[in-house]
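Data first, discussion second: the structure below is written as structure tokens.
The values are calculated or read from the model by the stated rules, or taken from the named source; none is laboratory data. Note that this is a predicted model, so its numbers are computed, not measured. We place every Cβ from the backbone using ideal geometry, glycine too, and count neighbours over all the protein chains shown. The area values use the complete protein model at the heavy-atom level, side chains included, leaving out ligands, DNA and RNA. Shrake-Rupley method; radii C 1.70, N 1.55, O 1.52, S 1.80 Å.
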Amino acid sequence: MSSALFDYEWQFLIQMITRITYCETYNEASETLLRQLRTLIPYSSAVIFRTSRKDGQANVSNPISVDPPNTKVDHITFMNGEYPRWSNYIMSPYSMVFRQSDIIAPAKWETTRVYHDIWKPKNIFWGLFMSVVSNDHPLIMVCLNREKKDEDFSARDMYLMNTLKDPLERKFYQLLEEEQRIGPNSPPGKLSRTAASYGLTKRETEIVYLVCGGKSSEDICSQLYITPATLSKHLSNIYAKTKVRNRTQLFGLFHEL
């Protein structure tokens, strides 16, 4: 596999890794990765899925795409095909980079139901994938695609993806740990640290995050499965700890985060 990269490509890789390192959420890190990758590895469409294991099976969820926008449903459909080798990569104890053409010969790929029913309508044919796994935890699956008229992804493209494996393992495992520590609503790191400096509890931090996101009381109660009375009690405690009087002042305190 060729590793002949220009100096500017190495510099861009370092800058990309730095940008991703400073991201504080799964969505932000995924979107940054996809936008930056396109400069080094041209693609026609791309999506990142969160990966996990459940009951001995590989699972994908949380599709993130930056181009084209608003294609979440299409990306879910994209995964409805039968990809037996993909499960092996997700269930692997370590990260792997592979191409669709490495799994099945292009001529045979054209005859499959998955290609005709799912890929062809999306006008894609070639695929380059990276399954990111850290400490035996599946983290993400990066999927880059090209149209049939374009060339297949090259050995250089695979080398670039392999170069990114280690920093992506560290970053997305860190995000996973942060989410598990804080909870399913996963406030960004800076907000969480600031909330902790005021002595806010895990639940209070979740409520601050939702308030700052413009959620109504009804939305917050529904999302956190709490009653209005419980929410009111939490807000009173938050106001007392942060020395603010209402939601407007609370938003002002945290708005930069």
Quick check, is V60 at pLDDT below 90, in contact with a helix residue (DSSP H, G or I) (Cβ under 8 Å, 6 or more places away or on another chain) and either farther than 27 Å from R156 by Cα or surrounded by 14 or more Cβ atoms within 10 Å (Cβ to Cβ) (or both)? yes
Selection count where residues are open to solvent by less than 60 Å² (accessible area, probe 1.4 Å), out of contact with any Lys or Arg (no Cβ under 9 Å at 6 or more places or on another chain) and not hydrophobic (A, V, I, L, M, F, W, C), scope segment 231-245: 1
Just give me the residues in segment 20-49 being part of a helix (DSSP H, G or I), within 28 Å of L191 (Cβ to Cβ) and at pLDDT 90 or above, in sequence order. I20, A29, S30, E31, T32, L33, L34, R35, Q36, L37
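Per-residue answers, yes or no, for (1) assigned to a helix (DSSP H, G or I); (2) of a type in the set (D, E, K, R); (3) closer than 21 Å to W10 by Cα; (4) touching a Pro at 6+ places or on another chain (Cβ under 6 Å):
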site: N145; (1), (2), (3), (4): no, no, no, no
site: K148; (1), (2), (3), (4): no, yes, no, no
site: F153; (1), (2), (3), (4): no, no, yes, no
site: L164; (1), (2), (3), (4): yes, no, yes, no
site: L168; (1), (2), (3), (4): yes, no, yes, no
Hits in segment 7-24 - residues which are open to solvent by 10 Å² or more (accessible area, probe 1.4 Å), farther than 15 Å from L168 by Cβ and in contact with a helix residue (DSSP H, G or I) (Cβ under 7 Å, 6 or more places away or on another chain): F12, E24
Restricting attention to segment 155-172, does a residue exist that is out of contact with any helix residue (DSSP H, G or I) (no Cβ under 8 Å at 6 or more places or on another chain), open to solvent by 50 Å² or more (accessible area, probe 1.4 Å) and among the hydrophobic types (A, V, I, L, M, F, W, C)? no
Segment 21-45, residues that are within 17 Å of K165 (Cα to Cα) and touching a strand residue (DSSP E or B) at 6+ places or on another chain (Cβ under 8 Å): Y26, S30, E31, L33, L34, L37, R38, I41
Exception for I207 within (1) within 20 Å of R19 (Cα to Cα); (2) modelled with pLDDT under 95; (3) buried (at least 19 other Cβ atoms within 10 Å of the Cβ); (4) not aromatic (F, W, Y) falls at (1)
Of residues in segment 82-98 being of a type in the set (A, V, I, L, M) and open to solvent by less than 60 Å² (accessible area, probe 1.4 Å), the one farthest from D136 (Cα to Cα): V97
Can you confirm whether segment 132-143 contains a residue that is touching a Pro at 6+ places or on another chain (Cβ under 6 Å) and farther than 18 Å from I64 by Cβ? yes
Answer residue from segment 99-141, given it is farther than 18 Å from S45 by Cβ and part of a strand (DSSP E or B) and is most open to solvent (accessible area, probe 1.4 Å) among those: H137
